[in-house]
Amino acid sequence: MATSTRKKNIPGIPIVTASKRTTDISGLLKKGKPSPAPKFISPMLATLTDQPFDTPGWLYEIKWDGYRAVAHCYKKKVSLLSRNNKSFDEKFYPIYDELKKMNLNAVLDGEVIVADEKGMANFGLLQNWRSEADGQLLYYVFDLPWYNGKDLCHLPFTDRRKILKSILPASGNILLSADVESSGTEFFAAAEKLGLEGIMAKKADSEYFPGARSADWLKIKTQLRHEVVIGGFTRNEGTAKQFSSLLVGLFENKKLVYTGKIGTGFTEKVQKDMMKLFSPLIVKTSPFEEVPDVNKSSRFRPTPPKAQATWLKPKLVCEVSYREITSDGVMRHPSFEGMRTDKAATAVHRDKTVKAPATVIRSAAVSKALKKVAPKTSGHTLLNPSDETQVRKVKGHELKFSNLHKIFWPKEKITKRDLINYYYQMAPYILPYLKDRPQSLNRFPNGINGKSFYQKDVTGKVPSWINTFPYSSEGVDKNFMLCNDEAALLYMANLGCIEMNPWSSTYKKPSNPDWCIIDLDPDKNHFDQVIETANVTRDILAGAGVDCYCKTSGSTGLHIYVPLAKKYDYEISKEFGKLIAHLVQEQLPKFTSIERLTSNRRGKLYIDFLQNRPQATLVAAYSVRPKPGATVSMPLHWDEVKKGMKMTDFNIHTAVERVKEMGDIFKPVLGKGADIGKAIKKLNEMYDV
């Protein structure tokens with residue numbers, strides 16, 4: 001049998017990979033039936049059982065909380081498919097790329113997962129996975145229904161495992177799922193203690209039945225979870241949320257049977273994303289066999305808020321956790337866990353539970369066996385808290401992060417490691433404001449109190465995979481850096497770029513900015529005057545029929561952005577900004593100025609419109625600033641721009657949770673642009689300019 005090695009760099013996950021091929025599998029392969037390469041093998045399914053058990057002839061595995069995936073590997077031609085035959089090739093590209101390198105001629109059955117910071121499989125992280133920066137993607141393989149021209153489905157499970165162990169090459173992200181022949185009850189107890197979804201029990205001599213649900217494979221859950229079909233949603237009277245709850249059910253005899261209302265488990269961003277899925281599915285009548293009473297009172301809520309139901313075609317599937325099922329078939333205390341794009345709605349039925357096989361006395365070797373496979377919890381982040389230098393693969397590129405213990409904010413004891421981890425978490429939110437925009441690197445290699453310098457030209461100084469944009473200076477050809485993905489963003493952070501400073505235009509249309517900026521830069525002013533100036537600016541723009549959006553500078557001022565959608569060049573943007581600045585200054589002459597020279601402002605707040613010029617840069621939304629408190633340039637709702645707001649409320653510690661809750665509220669800046677011609681006409685009518 002092939003020996004196995006256990007990788008130690010992913011805490012909490014039992015990782016087993018084949019390291020030597022010492023098992024003679026020729027005899028086992030002779031038992032296989034000659035068969036051409038199948039186009040698709042639907043995976044075998046397990047049956048739910050009521051409790052763990054200790055019975056001879058069974059093997060136990062962890063029940064992975066991820067997406068079931070069948071890999072059809074025919075040398076360099078690879079397809080990674082979901083259980084309902086949808087492609088995962090692009091979505092889980094690191095697994096797909098690794099499978100192509102393996103040069104196998106096999107069909108592999110397994111589960112794709114992402115490990116959380118404790119090393120446990122996390123379904124939420126898997127749902128939102130986009131690149132290596134979102135966590136390490138792993139493919140745990142547990143069966144081999146076809147190999148090298150042979151159908152192996154009729155072979156005993158243990159024989160298929162022996163062949164699989166022998167032929168699966170060593171890999172960092174394609175791994176053999178560990179199994180043990182020991183006590184199911186103790187293995188289940190260990191899984192329950194560690195917060196795993198459950199365990200699998202498989203008969204050692206079980207055949208592989210494609211697409212069938214067999215009692216030879218059993219699943220034992222540590223927590224109650226189920227897939228359900230979304231048949232509608234409710235919205236409570238007076239709520240600001242996209243929806244208040246989901247109305248869900250299961251198919252029984254081709255009819256959708258109501259199983260409850262899900263009112264928790266989703267953020268504002270998740271709700272917005274879900275509403276986009278709901279929109280094309282809205283129908284006038286309920287898809288449920290019996291129309292649910294969405295205003296039904298309960299013992300704990302005798303007068304619930306009045307809710308309005310919107311019905312949907314029953315096409316979407318989500319996963320839910322719950323406490324128990326009531327006698328009338330409704331879930332108690334359900335919570336949304338995530339959408340399931342890998343399962344067809346018509347295939348979602350209530351799990352039928354079978355009684356567990358008879359339990360026998362546990363073996364004396366149980367504890368030793370469990371120690372080999374039971375996960376151990378430990379921290380797991382992009383950068384661990386101990387190593388001074390670390391190498392991570394991000395978006396397919398190896399990045400070396402160095403000097404991670406270095407203190408960047410001395411008073412707050414915030415390190416370079418903290419900065420990089422911040423940008424790792426914030427990448428989805430900040431990248432839309434950096435992508436395709438030339439960068440002016442502002443580097444602080446020794447933190448905010450050390451010597452800093454600007455770097456525009458990166459010619460020959462950055463890896464070849466980083467995109468650049470050429471420019472000429474004093475007759476010399478040079479290149480700006482572009483920050484187009486997580487890898488480039490984290491590369492910049494590792495250079496000591498505390499803040500990110502992009503152009504207002506992209507290299508594709510360098511003369512046409514995406515926005516016009518009004519930069520409110522106070523001198524000796526109280527911050528309340530900055531707030532007042534921002535609101536006057538907003539009122540003037542609103543009068544002109546123009547939407548605008550505000551963010552903190554992360555320093556002392558506020559930035560107001562007017563979306564332009566690349567419709568105008570920098571000169572028109574600057575002149576429009578100048579007009580707005582003049583109108584604001586005329587209304588607040590006592591403490592504002594539009595004088596460019598500091599000496600001429602006499603301590604007044606500067607309304608700066610000159611940021612609207614080619615190659616000018618301004619700190620991006622969600623960027624950290626090299627200022628005390630590690631403040632962040634944070635987008636604001638206009639009702640937050642009021643007296644009492646403090647710049648220090650938005651910092652490296654609070655920003656991530658804020659955007660997770662609110663989503664990207666600055667997004668309209670990249671949307672429909674203002675009509676400057678119409679705006680100026682309205683301003684002429686109002687102010688005679």
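Some points to look at:
- Number of positions in the range 92-129 that are among the small types (Gly, Ala, Ser), crowded, with 21+ Cβ neighbours inside 10 Å and within 17 Å of the chain's Cα centre (by Cα): 2
- Residue in the range 328-349 that is at pLDDT below 75 and either surrounded by 15 or more Cβ atoms within 10 Å (Cβ to Cβ) or more than 30 Å from Ala487 (Cα to Cα) (or both) present: no
- Here Ala374 clears all of (1) crowded, with 19+ Cβ neighbours inside 10 Å; (2) over 26 Å from Asp664 (Cβ atoms); (3) at pLDDT 90 or above except the condition numbered (3).
- Within the range 642-664, tally of residues that are assigned to a loop (DSSP other than H, G, I, E, B) and surrounded by fewer than 20 Cβ atoms within 10 Å (Cβ to Cβ): 9
- Only residues that are of a type outside the set (A, V, I, L, M), assigned to a loop (DSSP other than H, G, I, E, B) and at pLDDT 85 or above were counted in the range 377-395, giving 7.
- Looking only at the range 469-502, residues that are assigned to a loop (DSSP other than H, G, I, E, B) and closer than 27 Å to His397 by Cβ come to 7 in all.
- With respect to being modelled with pLDDT of 95 or more and either closer than 20 Å to Met500 by Cβ or surrounded by fewer than 17 Cβ atoms within 10 Å (Cβ to Cβ) (or both), Gly557 fits the description.
- Of all residues making up the range 615-641, the number that are part of a loop (DSSP other than H, G, I, E, B) and in contact with a Pro (Cβ under 7 Å, 6 or more places away or on another chain): 2
- Test: residue in the range 126-133 that is under 20 Å from His72 (Cβ atoms), outside any loop (DSSP other than H, G, I, E, B) and either modelled with pLDDT under 80 or assigned by TED's automatic domain parsing to the domain that holds Tyr60 (or both): no
- Subset tally (residues that are part of a loop (DSSP other than H, G, I, E, B) and charged (D, E, K, R)) for the range 33-80: 7
- As a summary of the residue check, Ile220 satisfies the conditions (1) part of a strand (DSSP E or B); (2) more than 30 Å from Tyr60 (Cβ to Cβ) except for the one numbered (2).
- Look at the range 553-578: where a residue is outside the structural domain of His637 (by TED's automatic domain parsing), no partner that is of a type in the set (Val, Ile, Thr) sits 6+ places away or on another chain with Cβ atoms under 9 Å.
- Breaking point among (1) part of a loop (DSSP other than H, G, I, E, B); (2) surrounded by fewer than 23 Cβ atoms within 10 Å (Cβ to Cβ); (3) modelled with pLDDT of 95 or more, for Ser505: (2)
The values are calculated or read from the model by the stated rules, or taken from the named source; none is laboratory data. This one's a predicted model, so the numbers in the text were calculated from it and none came from an experiment. Virtual Cβ from ideal backbone geometry, glycine too; neighbours counted across all protein chains shown.
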